[in-house]
Amino acid sequence: MRYRCRVPPPPINTPERQRFDRLDALRGAAIVWMAAFHLGYDLNYFRFIHQNFYTDPHWTVQRSCIVSLFLFCAGVGQAIAVDQQQAWPRFWRRWAQVAGCALLVTLGSMWMFPKTFISFGVLHCIVLLLIVLRLTAGAGRCLWPLGLIAIVLPFVVQHAWFDTRWTNWVGLVTRKPITEDYVPLLPWLGVAWWGLATGQKLLSRRRALITGALPRVLNPLAVLGRWSLSFYMLHQPVLIGLLMALVALRR
């Protein structure tokens, strides 16, 4: 009689099967904050409220914090991917999903905001950042000064050549473009690099801080964080559709 040896599945706590609920919850908190921000923006667009989302610090500071949180999480996520030895084919599949969504954002904004459509928003930035983060993951401690340089550079180096729609994605602009969303490579690459460096440091020295259990009350945020891209793509059409219906009912 012949016996076939079966390799047992990896234990649930191995890196290949490990869930990072704390990071997912942090990303989920960012997506909830973003949705609340967009609700305010949409209410303003349909004239339910009257706010200046372009210059009022109450809104501009919130936007910067939300974007920073998203891109920091992206950096930590790439640290985890490298730690788990994620293969390039899997990386490119996820990258293609984000790139496809970024294209849909541009097309949708061209329909709704023809003059101020989004050519390089947060998803477009993430598309480029993911590649840069993956290629620079081996930089180690150099990520900290590199991040600082990336954050400071746009404030000290500016040129009119970067002011066009085809070049403003770099971030070295002399004036910000008039668009519904603008997240250039610089300075935001610095935030993502710091996220990558933080993730690598935690995984190597204090792994329990990032892999530890999450309080049960925060589990919904973790679930939302795991579906952040889908939520991002769906929440604005839903909010705008509801407000359009409300406007129609008020007439």
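Please treat every number below as a calculation from the coordinates, not as lab data. Everything numeric in this text was worked out from a predicted model, so none of it was measured. Using ideal geometry, Cβ is built from the backbone for each residue, glycine included, and neighbour counts are taken over all protein chains shown.
So, in the range 145-163, of the ones that are touching a residue at least 40 places away in the same chain (Cβ under 8 Å) and buried (at least 17 other Cβ atoms within 10 Å of the Cβ), which residue ends up nearest to Thr198 (Cα to Cα)? The qualifying residue nearest to Thr198 (Cα to Cα) is Gly147.
From the list Gly195, Gly171, Gly199, exactly one residue is of a type in the set (Gly, Ala, Ser) and farther than 17 Å from Val127 by Cβ. Which is it?
Only one candidate qualifies: Gly199.
The lone criterion from (1) in a helix (DSSP H, G or I); (2) free of Cβ contacts under 8 Å to residues at least 12 places away in the same chain; (3) within 24 Å of Thr198 (Cβ to Cβ) left unmet by Ile80 is number (2).
Hey, among the residues in the range 46-74 that are touching a Ser or Thr at 6+ places or on another chain (Cβ under 8 Å) and of a type in the set (A, V, I, L, M, F, W, C), which one's surrounded by the most Cβ atoms within 10 Å (Cβ to Cβ)?
The qualifying residue surrounded by the most Cβ atoms within 10 Å (Cβ to Cβ) is Phe72.
Say whether the condition of being of a type in the set (Gly, Ala, Ser), crowded, with 19+ Cβ neighbours inside 10 Å and without any contact (Cβ under 8 Å) to a residue 40 or more places away in the chain is met by at least one residue in the range 95-111. Yes, there is a match, as at least one residue in the range 95-111 is of a type in the set (Gly, Ala, Ser), crowded, with 19+ Cβ neighbours inside 10 Å and without any contact (Cβ under 8 Å) to a residue 40 or more places away in the chain. Residues that are touching a helix residue (DSSP H, G or I) at 6+ places or on another chain (Cβ under 6 Å) and either in a loop (DSSP other than H, G, I, E, B) or of a type in the set (D, E, K, R) (or both) within the range 105-118 comprise Phe117, Ile118, listed in sequence order.
Within the range 183-194, not a single residue is surrounded by fewer than 13 Cβ atoms within 10 Å (Cβ to Cβ) and more than 18 Å from Ser228 (Cβ to Cβ).
Counting only residues that are over 20 Å from Val191 (Cα atoms) and within 15 Å of the chain's Cα centre (by Cα), the range 104-133 holds 1 of them.
Only residues that are closer than 21 Å to Phe37 by Cβ and touching a helix residue (DSSP H, G or I) at 6+ places or on another chain (Cβ under 7 Å) were counted across the range 185-221, and they come to 7. Based on what the data block shows, is Pro215 surrounded by fewer than 16 Cβ atoms within 10 Å (Cβ to Cβ) and closer than 27 Å to Ala25 by Cα? In short, yes. When the range 212-236 is examined, which residues are found to be part of a helix (DSSP H, G or I) and either free of Cβ contacts under 8 Å to residues at least 12 places away in the same chain or aromatic (Phe, Trp, Tyr) (or both)? Within the range 212-236, Arg216, Val217, Ser230, Phe231, Tyr232, Leu234 meet the criteria.
Here is a yes/no grid of residues against (1) more than 27 Å from His38 (Cα to Cα); (2) in contact with an Asp or Glu (Cβ under 9 Å, 6 or more places away or on another chain):
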residue: Gly121; (1), (2): no, yes
residue: Cys125; (1), (2): no, no
residue: Leu133; (1), (2): yes, no
residue: Thr136; (1), (2): yes, no
residue: Cys142; (1), (2): yes, no
residue: Pro154; (1), (2): no, no
residue: Asp163; (1), (2): no, no
residue: Arg175; (1), (2): no, yes
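When Thr136 is tested against (1) surrounded by fewer than 20 Cβ atoms within 10 Å (Cβ to Cβ); (2) closer than 21 Å to Met233 by Cα; (3) in contact (Cβ under 8 Å) with a residue 60 or more places away in the chain, exactly one condition is not met: (2).
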